[in-house]
Amino acid sequence: MEDLENITVRSVSVSEMDNNVYLLTGKASGAQVLIDAAADFPAIERLLAEGARDAEVPATLELVITTHSHWDHVRALADTVAATGARTAAGTPDVPDIEVPTVLELNHGDVQAFPDFELEVISLRGHTPGSVALLYRDPHGPAHLFTGDSLFPGGLGNTQKDPERFALLYQDVFERVFDYLPDDTVVHPGHGAGTTLGAERPHLTEWKERGW
């Protein structure tokens with residue numbers, strides 16, 4: 001758990017694929033945003049309950065954002081929506097591939113505002129056409145970037161050895177992340193451990209040359 005000034009960030013790893021589910025909770029309002037309702041709804045329920053304890057008022061799950069349409073990131077989406085009544089959001093090109101209806105389509109540069117915080121949408125095309133990252137700018141600390149499967153410690157997301165998809169993902173990550181955000185930005189990926197942009201920046205040329 002990361003205790004920031006206005007929000008807390010909690011996460012849980014679920015399933016055999018080590019999917020990360022993230023929960024942002026506004027302390028003053030109780031507004032919650034869940035990022036990637038992957039497998040294991042009971043674990044998500046526990047995460048929501050833990051997050052609710054961070055708030056000064058009763059918490060409400062406002063939105064479930066799916067970073068991309070791959071099956072392992074949506075296995076608990078239907079159960080989460082049924083239990084909470086939360087709205088759903090995903091990158092526009094990925095919406096047709098998500099079985100649970102998407103209420104809010106996300107595009108590059110959109111800003112989703114909640115009482116305690118805002119999330120900026122950064123489209124990172126290549127892993128899927130509609131992959132998005134979510135940027136939270138902490139007013140008193142480093143920014144936090146939730147990258148789905150587009151950026152990990154050590155490289156970019158899987159583009160199935162397709163050179164065009166890799167080139168597009170590399171371009172988006174280079175221009176929309178590394179050229180846009182400082183080195184202390186904390187990266188929260190869709191699987192495994194986190195990192196910072198500063199730790200990954202020296203390896204950009206290496207990633208481009210190897211093509212994955």
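Could you list, in sequence order, the residues of segment 97-124 that are among the acidic types (Asp, Glu) and surrounded by 14 or more Cβ atoms within 10 Å (Cβ to Cβ)? Show your work before the answer.
Filtering segment 97-124 down to residues among the acidic types (Asp, Glu) leaves 97, 99, 105, 110, 116, 118, 120.
Correct list: ASP97, GLU105, ASP110, ASP116, GLU120.
Being closer than 14 Å to ILE122 by Cα and in contact with a Lys or Arg (Cβ under 7 Å, 6 or more places away or on another chain) is the requirement here; does PHE178 meet it?
Considered against the rule, which asks whether it is closer than 14 Å to ILE122 by Cα and in contact with a Lys or Arg (Cβ under 7 Å, 6 or more places away or on another chain), PHE178 comes out as yes.
If you take the residues of segment 22-35 that are free of Cβ contacts under 8 Å to residues at least 40 places away in the same chain and in a strand (DSSP E or B), which of them is surrounded by the most Cβ atoms within 10 Å (Cβ to Cβ)?
If we take residues in segment 22-35 being free of Cβ contacts under 8 Å to residues at least 40 places away in the same chain and in a strand (DSSP E or B), then THR25 is surrounded by the most Cβ atoms within 10 Å (Cβ to Cβ).
Name the single residue that is nearest to VAL186 (Cα to Cα) among those in segment 133-143 being part of a loop (DSSP other than H, G, I, E, B) and of a type outside the set (Gly, Ala, Ser).
The residue in question is PRO142.
Residues GLY130, GLY126, GLY109: which one is within 29 Å of TYR170 (Cβ to Cβ), out of contact with any helix residue (DSSP H, G or I) (no Cβ under 7 Å at 6 or more places or on another chain) and in a loop (DSSP other than H, G, I, E, B)?
GLY109
Any idea which of (1) charged (D, E, K, R); (2) outside any helix (DSSP H, G or I); (3) crowded, with 18+ Cβ neighbours inside 10 Å is the one ASP94 doesn't satisfy?
Just one mismatch for ASP94, condition (2).
Which members of segment 112-123 meet the condition of being in a loop (DSSP other than H, G, I, E, B) and touching a Phe, Trp or Tyr at 6+ places or on another chain (Cβ under 7 Å)?
PHE117
Read the figures in this text as sums done on the coordinates, not as results from a lab. Model, not experiment: these values are computed from the prediction. Every residue, glycine as well, gets a Cβ built from its backbone with ideal geometry; the counts of neighbours run over all protein chains shown.
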